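Just so you know, all these numbers are worked out from the coordinates, no wet-lab data involved. These figures come from a predicted structure and were not determined experimentally. Cβ sites come from the backbone with ideal geometry, for glycine too, and all protein chains shown count toward neighbours.
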Amino acid sequence: MRRTLAGLVLGAIAIGGVAPAAQAIEPEPSPNPEPIVLERIELQCRKAVVKVTIADQERDKLVIGCRWSQSQRRNFAGYKVYRKVDDQARHLWFATRNRERTKAIDWRVQRDHTYTYRLVVVNPDGRIIGISNKVSVST
């Protein structure tokens, strides 16, 4: 008759013995011990009409300008601003690794649409560590 460790432990418990205490196994420390608490970034966007010169002719151009509060996260790697037009899927519209860059202008704007923007802050691993409010602008 072959005996296994599990059989011996179960046998010891069945006759009133004490099973060996289980040892706690400590989890490996996280490579990013900072808790994931999203930083709130304030995003503001508004439409404007600017004068542009094309082939020596001055024209009015509809644009949307966005600005946001600067991230204070120590593991900052960049900003990403996503844009959605009407009911279409959102897409990456603007990205920068420059912490001090807190403004961008959307030159690809047309009348009679709604543009929705949201900014995220990412760490060097690409994980989101900050997020803004959503802002919609109708043209």
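A few remarks follow.
- Ranked TRP93, TRP68, criterion: other C-beta atoms within 10 Å, fewest first: TRP93, TRP68
- Ranked by how many other Cβ atoms sit within 10 Å of their own Cβ, fewest first, the residues THR114, THR102 fall in the order THR114, THR102.
- Counted by neighbouring Cβ atoms within 10 Å, the residues HIS113, HIS91 run from fewest to most as HIS91, HIS113.
- Whichever lysines have a C-alpha closer than 16 Å to that of LYS61, once near sequence neighbours (fewer than 8 apart) are set aside: LYS47, LYS51
- Cα→Cβ-extended label distance, 7 Å offset, between ARG127 and ASN98, nm: 2.8 nm
- Column: log10 I(q)/I(0), Debye, Cα scatterers of region 27-138, q = 0.12, 0.14, 0.18, 0.24 Å⁻¹: -0.49, -0.63, -0.90, -1.30
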